[in-house]
Amino acid sequence: MSLAILSAALGVAGLANTHPLPPSAKFGALAAIDTSNDGRISVAEWRAAGRDPAAMAKLDKNHDGVLEPGEVKSRRGGGGPRE
């Protein structure tokens, strides 16, 4: 078996052992706050992390008391042109 075929076979086999990311991974740096790992940050989780509830209220675009990934902007760049 050539090295390329062997590498490809091992690579595909390695994919079977990977685990999907939890829903909270979409929060990036805020993922640790989502202690229930449900992909949503509740007011209780926010407060337990020592965060200011007023700051959460500003991020909570639909005002339902829960942060979802779509309400939190990524800080990794790609945010459009800067002036």
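The values are calculated or read from the model by the stated rules, or taken from the named source; none is laboratory data. Just so we're clear, the structure is a prediction, and the values are computed from it rather than from any experiment. For neighbour counting, all protein chains shown are included, and Cβ atoms are generated from backbone atoms with ideal geometry for every residue, glycine included.
Scanning the stretch 66-79 for residues that are surrounded by 14 or more Cβ atoms within 10 Å (Cβ to Cβ) and part of a loop (DSSP other than H, G, I, E, B), we see that the one that is modelled with the highest pLDDT is 68.
Evaluate the following for residue 31: is it at pLDDT 90 or above, within 18 Å of the chain's Cα centre (by Cα), among the small types (Gly, Ala, Ser) and on the phi < 0 side of the Ramachandran plot? Working first, answer last.
On the way: at pLDDT 90 or above: no; within 18 Å of the chain's Cα centre (by Cα): yes; among the small types (Gly, Ala, Ser): yes; on the phi < 0 side of the Ramachandran plot: yes.
For residue 31, the condition - at pLDDT 90 or above, within 18 Å of the chain's Cα centre (by Cα), among the small types (Gly, Ala, Ser) and on the phi < 0 side of the Ramachandran plot - is not met.
Scanning the stretch 31-51 for residues that are assigned to a helix (DSSP H, G or I) and closer than 14 Å to residue 65 by Cβ yields a count of 5.
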